[in-house]
Amino acid sequence: MHSRILILFTLLIITNCDEIFDIFPPEIDLISPKDRVLIENSARFIVTASDNKGLDRVEFSLTDEATGNKVEKTFTTEPYEIELTNIQTWKQIQFEAYAYDDVGNWSVVEKQYLIQTSIDNAKLKVLSPNGGEIWQTGSTKVIRWSSEDVVGSISIELFRSNNSITKITNSTNNNGAFDWVIPDALSANTNYKIKVSWNEYASIYDESDSFFSITKPTSTNSMINND
């Protein structure tokens, strides 16, 4: 009797082992849109998804942190697609699509889209140093700028006599401020400028209106009293 129960239990495990040990996540691919920049006022977002055992659902999320726009939708059957209109009123679109199987395994496909209208209106403006400042090597100064319709990261570059001499940073958040520790190796001069550029579109940039100066710390010689 016990051996018969053991055999039945073993058969039950063998029958269901694929489900018990299903560690394979679904496959999901973005079909459309492929272009990074959306130039039309509507677009159809399409993914394909499959699983070795079967899909439970596919979830879409389209968000724009700049405007607060957000669209979410859940699909339980094909097709996995959604049409978004009034796209040119968005600043950017962060698209994410998650595919879940019956046991909770999941996969995601994501892409950030730029909007043509925002690119056309994008602006950067260097606020400081913008000309006339005197900054000293070894000190920490805040480079400041303003922006409009610039999403993602920017780069900051140092120029002397209108020639680039170093990249201060290749990529930093576009939050309007960057703490710069001025290298001791920089030479003292009165003809420096800062340039900020959008990493997505290098043609969107601004530089200091006029030159600023970098100086060296003045050394203090202590007096020794031999009395």
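Taking region 18-36 as the search range and keeping residues that are outside any loop (DSSP other than H, G, I, E, B) and modelled with pLDDT of 95 or more, which one is farthest from Gln116 (Cα to Cα)?
Result: Glu27.
The residues on offer are Ile87, Ile134, Ile115, and the sole one that is touching a helix residue (DSSP H, G or I) at 6+ places or on another chain (Cβ under 7 Å) and touching a residue at least 12 places away in the same chain (Cβ under 8 Å) is Ile115. Being hydrophobic (A, V, I, L, M, F, W, C) and modelled with pLDDT of 95 or more is the requirement here; does Val196 meet it? Judged against the criteria, Val196 is a match. Among the residues examined, Ile46 qualifies as in contact with an Asp or Glu (Cβ under 6 Å, 6 or more places away or on another chain) and aliphatic (A, V, I, L, M). Taking the conditions (1) in contact (Cβ under 8 Å) with a residue 60 or more places away in the chain; (2) of a type in the set (D, E, K, R); (3) outside the structural domain of Ser208 (by TED's automatic domain parsing) in turn, Glu110 satisfies each one other than (1).
Only residues that are over 19 Å from Gln112 (Cβ atoms) and among the small types (Gly, Ala, Ser) were counted in region 43-87, giving 3. Output the number of the condition that Glu207 fails; it satisfies all remaining conditions of (1) in contact (Cβ under 8 Å) with a residue 40 or more places away in the chain; (2) buried (at least 18 other Cβ atoms within 10 Å of the Cβ). Failing condition for Glu207: (2).
The values are calculated or read from the model by the stated rules, or taken from the named source; none is laboratory data. Just so you know, these numbers come straight off a predicted model, no measurement behind them. Cβ: placed from backbone, ideal geometry, glycine included. Neighbour counts: every protein chain shown.
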